[in-house]
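J.: Structure incoming, see below.
FYI, it's all coordinate maths here, none of it is from the lab. Predicted model, so just to flag it, every value in this text is computed and none were measured. Ideal geometry is used to build each Cβ from the backbone, glycine not excepted, and the neighbour counts take in all protein chains shown.
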Amino acid sequence: MDKQDWIADDLKYVWHPFTQMKQYEGDEKPICIVKGEGIYIEDIEGNRYMDSVSSWWVNSLGHAQPRLAKALYEQACAIEQVIFAGFTHKPAISLAKKLITLVNNRLKHVFYSDNGSTAIEVALKMAYQYWQLKGKASKKKFIAFENAYHGDTLGAVSVGGIDMYHKVYRPLLFDIIREKSPYCYRCPCGKEKEHCRLECLQGVEEILKARHDEIAAVIIEPLIQAAGGMIMYKAEYLTKLRELCDAYQVLLIDDEVAMGFYRTGKLYAYEHAGIVPDIVCSAKALTAGFLPLAVTLCTDELYYAFYDEDKDGLKTFYHGHSFTANPLACAVANENLAILQEMNMEEYLKPKILAFKRGLEKFRDYPHVGDIRQWGMVSAVEIVKDKRTKECFAYEEQIGKKIYSAGLRRGVLLRPMWNCMYFMPPYVITEEEIDSLLRLAYDSMREVLG
Ligand SMILES: *Cc1c(COP(=O)(O)O)cnc(C)c1O
């Protein structure tokens with residue numbers, strides 16, 4: 001089969017995620033990838049693309065990383081999958097132990113699942129049932145934020161706050177309390193950064209004060225609302241949110257699915273705020289992007305609320321997936337953690353984070369760049385039609401799509417969200433590659449915007 005046949009079959013049989021399939025009636029077709037190495041992926045004709053989005057934020061150590069491939073193969077030769085109720089296995093045990101060590105024993109237990117969305121479902125059910133078991137049955141509601149993204153299953157969509165993705169499903173969802181997005185560039189309280197006193201948290205404080213008896217938990221993406229457009233906020237916001245949750249006896253669920261495993265420069269983003277959440281969800285880079293695997297970490301307090309003789313069967317946590325704690329994925333995650341430790345990741349990333357900071361400066365004077373923001377290995381450029389009024393380009397102008405195409409022609413995979421062009425490459429990107437990524441992105445943007 002040659003390229004044309006592959007693409008024809010793809011379009012005949014496959015329905016792609018987050019994709020309007022009719023777009024492929026045009027000239028641009030899905031790109032058929034056959035291999036990858038480091039930060040590059042290579043298509044069936046030998047064209048290479050710099051993977052500046054870590055293949056949807058999952059890849060951290062580069063593609064086809066040999067040590068991870070070897071760990072996967074060796075585990076597959078031993079045991080590939082086994083039921084995880086009544087049975088257990090070494091990869092899951094050692095991974096859980098390491099994950100708990102890495103959070104300094106502040107969280108104590110690991111619940112496995114398959115992906116970010118399931119990690120969130122687990123967290124929501126756990127938090128909800130916790131209060132039922134503690135005799136505070138009225139605490140049923142969740143606080144979540146505008147522009148939040150927590151995954152695509154219906155529980156996760158319920159706490160999601162991106163209308164474009166979530167609105168159509170609202171009638172299917174449970175009711176939550178929605179609070180303001182901490183969108184510093186477009187401050188919901190009309191403040192300038194220098195004068196910010198975290199006014200955007202006042203609404204949360206008021207609702208907690210008035211209704212804490214009804215509220216089970218607050219769920220938040222730490223430091224960056226990623227899918228909402230790489231919306232970034234200060235670490236102090238999380239610190240204050242933790243204080244509020246403590247004051248009003250509400251659980252804090254920290255969705256580290258995208259930011260965990262050093263995206264922001266530290267193992268978990270919450271570390272920047274000097275806090276410990278009650279529940280932490282992690283997936284994506286947990287396996288360095290090799291295999292789907294997720295964990296939901298929780299405290300002793302939560303765990304022991306479920307721990308009982310079980311005379312009536314009511315204290316069991318009824319949740320599990322066919323592939324819970326898949327040994328292959330756990331083995332890869334273990335090897336990933338070993339590599340991260342050997343590379344001394346926090347130090348390893350520092351010069352790269354600086355290289356982005358330096359390189360982004362050249363975007364600053366461009367007339368359509370409204371904001372430049374960065375947290376660790378995530379950086380973003382918000383494109384506006386009018387810098388002074390912060391007016392956006394209309395959806396119909398398809399700025400993001402055009403930049404995507406312009407990037408592909410230059411051999412770089414950029415995938416702007418709305419008007420937000422962002423960079424979130426595998427950590428193994430070199431400083432030179434960072435410079436060339438930013439140059440290619442700049443040129444792509446200029447080609448589209450003039
Ligand atoms: C990607 C993402 C999820 C969902 O993870 P999936 O593995 O795609 O289900 C949840 N939360 C955040 C913050 C994410 O970025």
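J.: If the only charges are +1 at each Lys and Arg Cβ and -1 at each Asp and Glu Cβ, what is the size of the charge dipole of the range 69-342 around the Cα centre, to the nearest 20 debye?
T.: In debye, rounded to 20, the range 69-342 gives about 220.
J.: If you keep only loop residues by DSSP, which GluC sites (Glu not before Pro) in the range 189-219 have at most 16 other Cβ atoms within 10 Å of their Cβ? Write down the numbers at each step before the final one.
T.: Working: sites: GLU192, GLU194, GLU199, GLU205, GLU206, GLU214; in loops: GLU192.
Sparse-neighbourhood loop GluC sites (Glu not before Pro): GLU192.
J.: For the range 168-274, what relative contact order do you get, as a whole percent, if you take Cα pairs closer than 8 Å and at least 6 residues apart? Before the final figure, lay out the partial values.
T.: Working: 108 pairs, mean separation 26.1, N = 107.
Computed value for the range 168-274: 24 percent relative contact order.
J.: Quick check on my link table: of LYS139/LYS315; LYS234/LYS352; LYS70/LYS266; LYS98/LYS266; LYS357/LYS401, which ones sit more than 23 Å apart, alpha carbon to alpha carbon?
T.: With Cα atoms farther than 23 Å apart: LYS70/LYS266; LYS357/LYS401.
J.: A follow-up question, please. Could you work out how far the C-alpha centroid of the range 99-141 sits from that of the range 314-342, in angstrom?
T.: Computed from Cα coordinates, the inter-centre distance equals 15 Å.
J.: Related question: What aspartates and glutamates sit close enough to LYS167 to cross-link, taking a C-alpha to C-alpha distance under 17 Å and skipping anything fewer than 8 places away on the same chain?
T.: In chain and number order, the partners are GLU146, ASP152, ASP175, GLU179.
J.: Would you mind checking which residues have amide H under 5 Å from ILE44's amide H? H placed 1.01 Å from N; only 5 or more apart, or other chain.
T.: When sequence neighbours closer than 5 places are left aside, the close amide H contacts are CYS32, VAL34.
J.: Could you give the C-alpha radius of gyration of the range 72-145 expressed as a fraction of 2.2 N^0.38 Å, taking N as the number of residues it contains?
T.: So the Cα radius of gyration is 1.43 times the expected 2.2 N^0.38 Å.
J.: Short version: what are the Cα gyration tensor semi-axes of the range 358-407, square root of 5 times each eigenvalue, largest first, in whole Å? Mind dumping the intermediate values first?
T.: Details: eigenvalues 73, 44, 19 Å².
Gyration-tensor ellipsoid for the range 358-407: 19, 15, 10 Å.
J.: Taking Cα pairs under 8 Å and at least six residues apart, what relative contact order does the chain come out at, in percent?
T.: 20 percent
J.: So how far, in whole Å, is the C-alpha centre of the range 17-53 from the one of the range 276-291?
T.: So the two Cα centres are separated by 26 Å.
J.: Hey, rough spin-label estimate for LEU314 and GLN249, points 7 angstrom out along Cα→Cβ, what's it come to in nanometres?
T.: Simple spin-label model gives 1.9 nm for this pair.
J.: Place the peptides 366-373, 282-289 in order of packing, highest mean first, counting for every residue the other Cβ atoms within 10 Å and averaging per peptide.
T.: Numbers: 366-373: 18.2, 282-289: 27.5.
The most tightly packed comes first, giving 282-289, 366-373.
J.: While we're on this one: Antiparallel as a % of all DSSP beta bridges within the chain, to the nearest 5?
T.: The antiparallel proportion sits near 65 percent.
J.: Related question: Tell me which aspartates and glutamates have Cα within less than 17 Å of LYS29's Cα, excluding those fewer than 8 residues away on the same chain?
T.: Cα-Cα hits under 17 Å: ASP2, ASP5, ASP9, ASP10, GLU42, ASP43, GLU45.
J.: A further question follows. Which of ALA394, MET417, ALA406 sits farthest toward the positive end of the charge dipole of the range 361-450, with +1 on the Cβ of Lys and Arg and -1 on the Cβ of Asp and Glu?
T.: Farthest towards the positive end: ALA394.
J.: So for the range 25-178, Kirkwood radius off the Cα pairs, Stokes-Einstein at 20 °C and 1.002 mPa s: how many µm² s⁻¹? Don't skip to the end; give the middle numbers.
T.: Details: Rh = 19.7 Å.
Calculated translational D: 109 µm²/s.
J.: Could you give the C-alpha radius of gyration of the range 32-75 expressed as a fraction of 2.2 N^0.38 Å, taking N as the number of residues it contains?
T.: The value comes to 1.21.
J.: What is the packing order of peptides 116-122, 90-96, 355-361, taking the mean over residues of other C-beta atoms within 10 Å and listing the highest first?
T.: Ranking, from highest mean packing down: 116-122, 90-96, 355-361.
J.: At 10 °C and 1.306 mPa s, what whole-number value in µm²/s does Stokes-Einstein give for the translational diffusion of the range 69-342, with Rh from the Kirkwood sum over Cα pairs? Please list the in-between numbers first.
T.: Working: Rh = 19.3 Å.
Estimated diffusion coefficient is 82 µm²/s.
J.: Another question about this same structure. Looking at the chain as a GNM with Cα springs under 10 Å, which of TYR270, TYR427, TYR303 has the largest mean-square fluctuation?
T.: Greatest mean-square fluctuation among the candidates belongs to TYR303.
J.: Based only on the alpha carbon positions, what is the Kirkwood hydrodynamic radius of the range 1-113, in angstrom?
T.: 18.0 Å
J.: How big is the equivalent ellipsoid of the range 287-438 along its three axes, where each semi-axis is √(5λ) from the Cα gyration tensor, reported in whole Å from largest to smallest?
T.: So the equivalent ellipsoid measures 41, 22, 16 Å along its semi-axes.
J.: Using the basic label-point model (7 angstrom from Cα toward the beta carbon), what is the ARG358 to TYR73 distance in nanometres?
T.: Each label point is offset 7 Å from its Cα along the Cβ direction, giving 3.9 nm.
J.: Also: Rounded to the nearest 500, what is the chain's calculated 222 nm mean residue ellipticity when only DSSP H runs of at least 4 contribute -39500 (n - 2.57) each, over all residues? Don't skip to the end; give the middle numbers.
T.: Numbers: 14 runs with 159 residues, N = 450.
One gets -11000 deg cm²/dmol as the mean residue ellipticity at 222 nm.
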